[in-house]
Amino acid sequence: CDVRRFRASISIPSGGRPMTTLRFLAAAVAAAGFLTAPANATTFIFKSGGAFLDTSTSNVAMDCGTVGADLCTDNDAAGFTYSKNGVDFSATAYTYTDATYTSRNATQLIQDISPANSGLAALSEMDETQDQTQFDALEAIEFVFDTAVYLTNIEFNAGDDNDCSGPQAEGPCGDFDLWIDGAFFATITAVDLLTDVFFGSTFEFRAVTPNAGFTIAQFEVSDVPIPGAIPLLLSGLAGLGFAARRRKAA
């Protein structure tokens, strides 16, 4: 932060005390330039195999998959809702009506938790063995957060409840188109762990590889860092105004 430029942008009232004013400015500049609140990271786990499995807070229909321990949406349009450490979001599965991706309908979302290497995906309701998000059915899964977040460390699994690098008896994980806040971002390969960082409030994963499918096993969500100095900056500027009013009244 250029202190000289900052000082020039604020006039010092005639007859005031420059040193008092500069002390307020120094506090405001230091706060704005050097103090930043850290981001809080929260990991959501949708696969089983551990004590930290996160499940939907509502709208759950039990025993909908091939094994019997899985969870599915009771009302497909409502999706699943997750909440943890102050982070809230909904997950919904969709099927597009054609390859132009102009129209979609909510479909059943499954949290495939048995066996362990599984996760969230679109469930083909006419065939319960198709429990992954697939291009052949023009399926997608969308996450909508209450506020903008950083999304990273996304773990994908294959359709046979194995890692993307595993045997893949039901086909590879394949590629997906990532749409962020309604805009196309990139075509990305679903891998065991995607460490890229994405920013937004709505993330849609559209499967685009024929004969392939993936589930989302977990991801990490981080708050957008907010400058911790903002309250101090505002209080410093308020102090400037208060001091100026006192001098004017005197």
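Here are the numbers for this structure:
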| item | result |
| --- | --- |
| Total charge dipole magnitude, region 107-211, about the Cα centre, Cβ charges on Lys, Arg, Asp, Glu only, Debye to nearest 20 | 300 |
| Separation in nanometres of the label points that stand 7 Å from Cα toward Cβ, at Thr202 and Asp146 | 1.9 |
| Extension gain (nm, one decimal) between Thr97 and Thr57, 0.36 nm per residue minus Cα-Cα | 11.5 nm |
| Surface accessible to a 1.4 Å probe, per residue, for the residues of region 62-174, Å² | 39 |
| Computed FRET value (nearest 0.05) for Asp192 with Ala169, which takes r as the C-beta separation and R₀ as 22 Å | 0.85 |
| Protein accessible area in region 70-228, 1.4 Å probe - carbon and sulfur % | 50 |
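The values are calculated or read from the model by the stated rules, or taken from the named source; none is laboratory data. These numbers were taken from a predicted model, which means no experiment stands behind them. Cβ sites come from the backbone with ideal geometry, for glycine too, and all protein chains shown count toward neighbours. The area values use the complete protein model at the heavy-atom level, side chains included, leaving out ligands, DNA and RNA. Shrake-Rupley method; radii C 1.70, N 1.55, O 1.52, S 1.80 Å.
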